[in-house]
Amino acid sequence: MKKFLWLFVALILATLLNAQPKEYEGRAVWAHPGDFGKSEKDVEEFFKILKKSNIELLVPLVKDTAGNIFWHSKKFPQAIHPNYKDFDLLQAITKYGRLYKIRVHAWLCDFPEGKESAVLKLHPEWAMVNPQGGLTSEEKVTPDVVYGSVWMCPARRPGYTDQWLLPMIEEIVMDYDVDGIHHDYVRYPGDVAPDTYCFCDYCLEHFFKYNHFYYFNRPQDRIPLKKERVREEANWDSDFTVNPPNWPQMSREEKAEFLLSGKSINRSDLDYFFYEARCDAITDFVREAWERAFKIKPGIEFSAAVFINPMLSGRFIGQRWTDFAPWVDIIMPMNYRSHFQGSFDDYLDYLGETVQAQAEWCKGKSHLYAGIDAHYIFKEEREPWEKALTILKKGQGADSQKEELKQLMEKNIAYLRNFSAQRAKNLDDAFSSFLKGKIQKDSFVTEINKVLSDPPSGFFPEEKLIRTIDSVRKAQSEGIVIFAASLISGKKLWPAVEKAYSSPAKAPDKNLPLKDKLSIQAVRKIQQ
């Protein structure tokens, strides 16, 4: 009888849900600790801005890429940012999230840490290493820029994933009234030679065990490929081993080269299994994070900032997010203009098509909030100023550079005059003084940076942000997430956000239709 009653209730719910408006739109923003200030009064003032702009989901940073955390952790007090020892930022955020009815997803930068982070001092063996045994912090991104961050190995167990990161997520879900957890940097490093990590001792041995490329109870056995079929690779399903006989004697560099260039049958294809194992390590982490959090709070949501194309990011950074999407309620691809080439109009065209592809990748697995930025879209407005700063930084003094600087600054001052005649005059006077040697280069650089850090209204056109949001809407994304609140504030774009979201979106509770959430839960159960 109870079973039939449950079915009847489910039928009624489905009927009511189908009658609800389909036109719902998620509206989210990423935010950094600096956006909130250091008091409850400051936090509430920020929430007033969000509410006025019809933001319904806030993604506040609670673990940064240096390993600092912004909640009063009982398990990891040594990781708390020194500036927040006396103010529990996450506690204040969740308090005002409830008061202003804005959902909160606590944002963690999952796998990067700082060179001085607490965990690296305690467990340096948990860090990723390259074939030479070096850390990511020693890599160069460009000839002039050293990377700096230390990435921790996602695969190693016991290690960073199960001893540090997952317990952090459990603590947040247990102790704070968050609506969800947000994954960022949920991948391997991409800026510093994607093929060079990770080759720690664990990963080198785990590779063979995970793929079962030889018999561990009889490691001395060497089983050649049985070639019964005409095409050699067609014998892939037969019994054979892959490990080299001198594996224990090989150096780390030689072992890494074997995994990237070695053969399983007749092609140099071992790298395929290397990339697959990395993707699986990330997927396993995302799934386990959901499982642990779900046991504590069954209604918990998850979201994730991901790269735009899961096929490319799977190959290069182990982030094939189509694999872990069932354990993420909202996928947030970072469709920033910096990841596209061409003009602003080109970007809008590419953006629309990309979002449509992302919707297909998410279908039946997760909801899609397309991520856009409030910085790179202003490339045309920023570039002349940044080029001028680059010339000043190099300071080589060549006549050609002086002439280029002069042309750039004349153009910049003319542009600034459109929005503030007084500030344009002040900058023009400063430039004249610099050319005459009356003020130093550093003083003039400061004057330029003042314009960029505190621009007059209109300097960064609202229309660009609104057009970007409209392009995402036309592509039928279920929601939009903007990077980031600090950029919106710095470029004085909150009025543009208000215009774009001038009318509240029609939305069921929590902005996620129950029938869709149930279907995602079903996929999770099937894949477990």
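Read-outs throughout are calculated quantities, based only on the coordinates presented, and are distinct from any laboratory measurement. Treat the numbers as computed from the prediction; the structure is a model and nothing was measured. Here the Cβ positions follow ideal geometry from the backbone for every residue, glycine too, while neighbour counts run over all protein chains shown.
Close amide H pairs (under 5 Å, H built 1.01 Å from N) link E25 with K506, residues at least 5 positions away or on another chain.
Show which aspartates and glutamates lie in cross-link reach of K387 when reach means a straight Cα distance below 14 angstrom and same-chain residues fewer than eight apart are skipped. Candidates past the 8-residue exclusion: E403, E404, E410.
At a 10 Å Cβ-Cβ cut-off, how would you order V306, V43, fewest neighbours first? Don't skip to the end; give the middle numbers.
Working: V306 27, V43 21.
Sorted ascending by nearby Cβ count, the order is V43, V306.
Note that region 216-228 has calculated 3J(HN,Hα) couplings of 6, 7, 9, x, 6, 6, 10, 10, x, 5, 8, 9, 9 Hz, one per residue in order, obtained from phi through the Karplus relation 6.51 cos²θ - 1.76 cosθ + 1.60 (θ = phi - 60°); glycine and proline are x.
Taking the centroid of alpha carbons for each part, region 244-272 and region 171-199 are 29 Å apart. Applying a length cut-off of 24 Å (Cα extent along the axis) and a mean Kyte-Doolittle floor of 1.6 to the DSSP H helices of the chain leaves 2-19.
Ignoring aspartates and glutamates fewer than eight residues from K365 along the same chain, the ones with Cα atoms less than 12 angstrom from its Cα are D323, D329, D516. Pairs of Lys residues in region 438-486, spaced 8 or more positions apart or belonging to different chains, with C-alpha separations under 29 angstrom: 4 in total.
Quick one: grab the alpha carbon gyration tensor of the chain, order the square roots of its eigenvalues as a ≥ b ≥ c, and give me rounded if a/c is under 1.5, else prolate or oblate depending on whether a/b is larger than b/c. Can you show the working numbers first?
On the way: a/c = 1.82, a/b = 1.25, b/c = 1.45.
Oblate is the answer for the chain, as a/c is 1.5 or above yet b/c matches or exceeds a/b.
Rounded, prolate or oblate: which one fits region 196-268, using the alpha carbon gyration tensor with axes a ≥ b ≥ c (rounded when a/c is under 1.5, else prolate when a/b beats b/c, else oblate)? Before the final figure, lay out each step's value.
Details: a/c = 2.23, a/b = 1.60, b/c = 1.39.
Since a/c reaches 1.5 and a/b is larger than b/c, the shape of region 196-268 is classed as prolate.
Note on S338, S303: ascending count of other Cβ atoms within 10 Å places them as S338, S303, the fewest first. In order along region 363-372, the Karplus-derived 3J(HN,Hα) couplings, from 6.51 cos²θ - 1.76 cosθ + 1.60 at θ = phi - 60°, round to 3, x, 10, 7, 8, 10, 10, 5, x, 10 Hz, and Gly and Pro are given as x. For the pair region 366-443 and region 113-166, the centres of their Cα atoms are 37 angstrom apart. In this structure the amide hydrogen of F302, modeled in the peptide plane, comes within under 5 Å of the amide hydrogens of I181, D329, I330, none closer than 5 places in sequence on its chain.
Are any of the pairs K48/K491; K41/K63; K394/K425; K52/K363; K74/K209; K51/K425 more than 29 Å apart by Cα-Cα distance, and if so, which?
Details: K48/K491 18 Å; K41/K63 22 Å; K394/K425 26 Å; K52/K363 32 Å; K74/K209 36 Å; K51/K425 38 Å.
In this structure, K52/K363; K74/K209; K51/K425 exceed 29 Å between Cα atoms.
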